[in-house]
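Take a look at the structure below.
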Amino acid sequence: MLHGGRLTNLVFALTLTSCAHAKIADTEIKDTPENREVLAFVEQFRQAVENLDAEAVLALVSPDFFYEDNGNTDSSDDYGYEGLRSNLVRNFDRTQALQLKLRIDAVEVKEDSAYAELYFEYRAHNRYPAGDKWDTSTDRTRLQLVRDPEGQWRISGGL
């Protein structure tokens, strides 16, 4: 039988654990069906990119894709869905191999929109006019998602 302080500590500990949300393994992301759905979608995206499959990537992108700003303030190199299509095809055509590692740091789902905060690291073996070269880079992005009319997630920005 528990008495005094021990009973109070047990009740307090049970209250804390009942409020705590489980986390998805190896992340700080709450383990919810919605968050797992977003993580599965991001994995689909990663696989399509690693497979150098422009059509598979585009199938995951909303036709209303926000423009890509190429990480700068020069609006002359911004593009939307069709520009994304031509850039993917051109870049994938010159790429012989690609490795993409993603770390998902945060996910937020609100009804028919969501985002995933990504840290990415890629390594690509590319053909250039001057010869083949391995390119590597790391960066962060916020992948923005919307549900299409069929209820599937699509990328609306952040590529």
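Things worth noting here:
- Pick from region 98-120, criterion small (G, A, S) and in contact with a helix residue (DSSP H, G or I) (Cβ under 7 Å, 6 or more places away or on another chain), ranking: surrounded by the most Cβ atoms within 10 Å (Cβ to Cβ): A116
- Residue in region 3-17 that is over 18 Å from the mean Cα position of the chain (by Cα), at pLDDT below 95, outside any helix (DSSP H, G or I) and surrounded by 11 or more Cβ atoms within 10 Å (Cβ to Cβ) present: no
- Checked against the criterion of being touching a helix residue (DSSP H, G or I) at 6+ places or on another chain (Cβ under 8 Å) and either touching a residue at least 12 places away in the same chain (Cβ under 8 Å) or not charged (D, E, K, R) (or both), region 127-137 contains one or more residues that satisfy it.
- Which numbered condition R123 misses (of (1) of a type in the set (K, R); (2) touching a residue at least 24 places away in the same chain (Cβ under 8 Å); (3) under 19 Å from S62 (Cα atoms); (4) surrounded by fewer than 17 Cβ atoms within 10 Å (Cβ to Cβ)): (3)
- Conditions (1) surrounded by 12 or more Cβ atoms within 10 Å (Cβ to Cβ); (2) modelled with pLDDT of 95 or more; (3) within 25 Å of V38 (Cα to Cα): number failed by T95: (3)
The values are calculated or read from the model by the stated rules, or taken from the named source; none is laboratory data. Since we're looking at a predicted model, the values are computed, not measured. Methodologically, a virtual Cβ is constructed for each residue, glycine included, from the backbone with ideal geometry; neighbour enumeration extends over all protein chains shown.
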